[in-house]
Every structure is written in structure tokens, then in C-alpha cells.
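Each reported figure results from applying straightforward, stated rules to the coordinates on display, with no laboratory input. As the structure is a computational prediction, the values presented were derived from the model and not from experiment. Because the Cβ atoms are built from the backbone with ideal geometry, glycine has one as well, and the counts that use them run over all protein chains shown.
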Amino acid sequence: MSKKPSPLIIILCILCGITISILLAVVAVQFVRTPPPAGTVDPMRLNQSEFRQLGLIPTTPRHYILRLVAKEWFFDVGQTRDAPASITIPQHSTVTLITTSMDVVHSLQIPGNPIMMIIPGKIQQQTIVFDTPRTYTIVCGVYCGPKHTQMQLTIVVTPAK
Ligand SMILES: [Cu+2]
């Protein structure tokens, strides 16, 4: 005669199963939500590619392209390296980020959005709507060398008038 497992063991097994399922789902969502590369580019010839023009480019009202090259150790949006990169957009702007890396793997961690990996040779593209007026401090989420923590991009979303 086999002994029936106690209800406590059954409940613990169910809770473990639920926990593992949630963890797997979270991991899966991260991968699914990281969009595939939009194309490829030669990291040695960025000045002969679309990345020769960096920064915020208005397309239609409240729509922008933000072209950015990550490199050791800053996010290049066409500004001087004296201060961390910073852009300002009005509330309810739609920004299509188009990025690549000049050297090693970096990433953009935009609060409230999935991590955007920035991989040399690959063009990564992601469109984000900035509806809330606030300042986003965006850092690199992949350790990329001794000055990794200096990599910072600020996006200032100003209130609509
Ligand atoms: Cu980094």
C-alpha cells in the first residue's frame, strides 16, 4: 500500500510549478520583446552608412528618428563628449531609435521598456512613445569596460503646451 502524499506537499508542488512557470514566462517575454536586428552595418565604415548623421531628426510633427552609435564609453548622438548625451522632446513624441555599436556589445535600458541590445555589425531599431513628461536617465546595461558606468543618455520629455 502506497502512502498518499500530504496535502501540504501537493500545495508546495503546485506553488513551485507556478513560480517556475512565471519565471520562464518573464525570461521568454524579454527575448520575444527584444526585436530582431533591422539590418547590418560595417562597424569600421559607419561614416559611410546612415550613421554618419547622428542625433534627433524630426520626420513628421512629434515623430523623430534618434540615430545613436554606442562606443566605449558613451552614447554618440552627434554631441560633444564633454557632457553625457542629452536630447529634449515634447510630450507625446514618438521616437524611432536606430542604433549600432562601434566596438563591443552595449545596451540601452530605457525605463519602462525592454532592454535594447546594441551589437556591433547589427542595426537595432525600436519605436517608443514618450507620453509622460519626465527625465529619462538611460544607462548601458551590459558591462563594456572600465568606464561602463559613464555611459549615459538623458531624454528630457517636456510637458505639452
Ligand atoms: Cu556598458
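Within straight-line reach of Lys122, meaning a Cα separation under 27 Å, sit the following lysines at least 8 residues removed in sequence or on another chain: Lys71, Lys147.
Ordered by the count of other Cβ atoms within 10 Å of each Cβ, fewest first, Val129, Val41, Val77 give Val129, Val77, Val41. The magnitude of the dipole of the chain, with charges of +1 and -1 set on the Cβ of Lys/Arg and Asp/Glu and taken from the Cα centre, is near 380 debye.
Relative to the present Cα-Cα distance, how much length would full extension add between Leu12 and Thr154 at 0.36 nm per residue of separation?
Values: separation 142, 0.36 × 142 = 51.12 nm, distance 4.54 nm.
Difference between extended and current length: 46.6 nm.
Net charge near Val95: determine it from the other residues with C-beta under 11 Å of the C-beta of Val95, scoring Lys and Arg +1 and Asp and Glu -1.
Working: positive: Arg62, Arg67; negative: none.
So the environment of Val95 carries a net charge of +2.
Both the radius of gyration and Dmax for the chain are 20.9, 78 Å, in that order, over alpha-carbon atoms.
Taking R0 as 22 Å, what FRET efficiency do you get between Met44 and Thr127 from their Cβ-Cβ distance, rounded to the nearest 0.05?
Details: r = 28 Å, r/R0 = 1.27.
It comes to 0.20.
Helical runs (DSSP H, four residues minimum) scored at -39500 (n - 2.57) apiece and divided by the length of the chain put the mean residue ellipticity at 222 nm at -6000 deg cm²/dmol. Computed from Cα atoms, the angle from the helix 7-33 axis to the main principal axis of the chain rounds to 20 degrees.
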